Amino acid sequence: MLKSFAGLRALARRRWVVLFVLCAALMATLVAWTAARVPFSSEILRSRIIGTLSERLNADVELGAVTLRILPRFEVRGEDLVIRREGSGDVPPLFRIEAFTVNADIMGLWRRHVAYVKLEGLEIQIPPRKDGDQSDDRDRSPASGPHFIEGRQVVVDVLDAPGAKLIILPRRAEKPPKTWYLHDLRVESVSANTAMPFNAVLTNAQPPGQIDTHGSVGPWHRDDPGHTPVQGQFTFKDADLGVFKGIDGTLSAVGTYGGSLDRIEVLGETDTPDFTVTVSGQPVPLKTKYHAIVDGTNGDTRLENINASFMNTSLTAKGGVFDVEGKKGRVVTLDITIDNGRIEDVMRLAVKTPKPPMTGALHMATAFNLPPGDEDVVDKLALNGRFIIERGGFTDPGVQQKIDTLSQRASGKVQVARPRNVASTFAGRFVLDDSVLAIPAVSFDVPGAVVELKGQYALRRETLAFAGELEMDAKLSQTTTGFKSFLLRAVDPLFRRGGRTVVPIRITGSRNEPSFGLDVKRVFTRRDVAGGK
């Protein structure tokens, strides 16, 4: 389960692809719109490009050399284009382009069409959302309001931006910026007042893998760019989960997205046929379906619904992936519910053995918190919840025989040579922290007996440390025969309470070799020992 949600990290990457497409299209439209007016000289063209960009973007614009060639084809080439927010001073520029090329023919220009625009070395730096800016587009149409250019405009037939880079500047100065590299981007029918089809390919950073996406973005919302509409589809192939300490597997994902830049709804599916938690080394096939809402302005992702399945167990979850102040990375917080799962499936993820120690029906609800950091997943994962295991049984014959014998003797049936396999019901609370599973309270019952325990299980050492009480219908003397039964009659009153026998017990040892025994010290320190039957 742990990183079925690792595929959700790819959500953050896809929103930036969309934002990048929009910005690249915006730049191409502006340059082409200005250049297509065919000025008389390169210097006039350079001045017009600077003026147009300054006016349309309310920005400070710098531009290097511009060359203009009209024959045999119309071609404009510019260098060192830099755009900053107006009056922003020394802050990083919004746009930087090493070189741009505009190609067109005379007939195309007559129809206000530019055949091809290429942006080389395009770098876009997105500033953080200001504190307190929590605008929500759900009450406003993303297509409403004034767009980028009014009236008739130039259409760019094809836009290419190879080797482009998108940099997301953090709100807090101590955090490094996030940088995404797009090694292939093509946008068609580029125009600020229409939806623009695009195709993009990028290599995802973590988990590493290739994202292919296509869709449309626009028209540009001039007054509030976050309301610019977007829609598309994506595939995410061969993502290596092994880069995250504590898990392994190869993830693939497909899905669709739509909405506006500041509220992108994503419907997706992931498939990891060999998902593995390394502490157990047991691969399981894992599939998920999810509905998420991504804030394209800060990267926070709200997980409306997740449905995951592995082997014969299904779970549902909701929560989010959020930024963490003062730390690199994001925290995953979820509320997880398993309504009708199997304990053996869950144990396969957590226990290093070919055969799960237990079988049975599992019902569970837990809070899930996975903080950022380079630690192993098992060491940093935190859980806090409740569980019920119905019809539970142990796969180790020795352990199950002890449970069967306990049930028979607790019922006073000591003459049974081969006690039948009995099923147990377990219920309790649990807290996982720092790779130690603490159980403040757990009870399990078999015919004739109830056991109540508290203690902990160390996942890495696989050691047990539990103490509690065994409550039986039979007296101690009735759990055995012969002379031993006669001797135990003398201590029967010591363990009777409320008409039943209550014995302090402890469980220690390892998962493979648990040790069940009488907690002798507690026999004589209990304050509630009753002397009567």
Quote to one decimal, in nm, the extra length available between Lys287 and Asp434 on full extension: 0.36 nm per residue of separation minus the C-alpha distance between them. 50.2 nm
Once the Cβ-Cβ distance between Asp238 and Ser485 is put in as r, and R0 is 56 Å, what FRET efficiency do you end up with, to the nearest 0.05? 0.25
Simple spin-label estimate for Arg391/Asp492, 7 Å along Cα→Cβ, in nm, reads 3.7 nm
With all protein chains present, calculate the accessible area of Ser216 using a 1.4 Å probe and round the result to the nearest 10 Å². 20 Å²
So if R0 is 22 Å, what FRET efficiency would Asp335 and Glu462 give, r being the distance between their Cβ atoms, rounded to the nearest 0.05? 0.20
With a 1.4 Å probe and all protein chains left in place, how much accessible area per residue does segment 447-516 have, in Å²? 52 Å²
What is the distance in Å between the Cα centroid of segment 354-393 and that of segment 247-317? 18 Å
With a point put 7 Å past each Cα toward its Cβ, work out how far Leu383 is from Ile70 in nm, to one decimal. 7.5 nm
Residue pairs, from the table Lys328/Lys380; Lys289/Lys454; Lys118/Lys165; Lys289/Lys327; Lys178/Lys380, whose Cα atoms sit over 25 Å apart: Lys289/Lys454; Lys289/Lys327
Cβ-Cβ FRET estimate between Glu188 and Ser47, R0 fixed at 30 Å, reported to 0.05: 0.50
Quick check on packing: order 230-241, 64-75, 480-491 by the mean number of other C-beta atoms within 10 Å, highest mean leading. 230-241, 64-75, 480-491
In nm, spacing of pseudo-spin labels at Asn312 and Arg112 (7 Å Cα→C-beta vector): 6.7 nm
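The values are calculated or read from the model by the stated rules, or taken from the named source; none is laboratory data. Just so it is clear, the model here is predicted, and its values are computed rather than measured. So basically every Cβ, Gly included, is an ideal-geometry build from the backbone, and we count neighbours across all protein chains shown. Accessible surface is based on the protein model in full, side chains and every heavy atom, while ligands, DNA and RNA are left aside. Shrake-Rupley method; radii C 1.70, N 1.55, O 1.52, S 1.80 Å.
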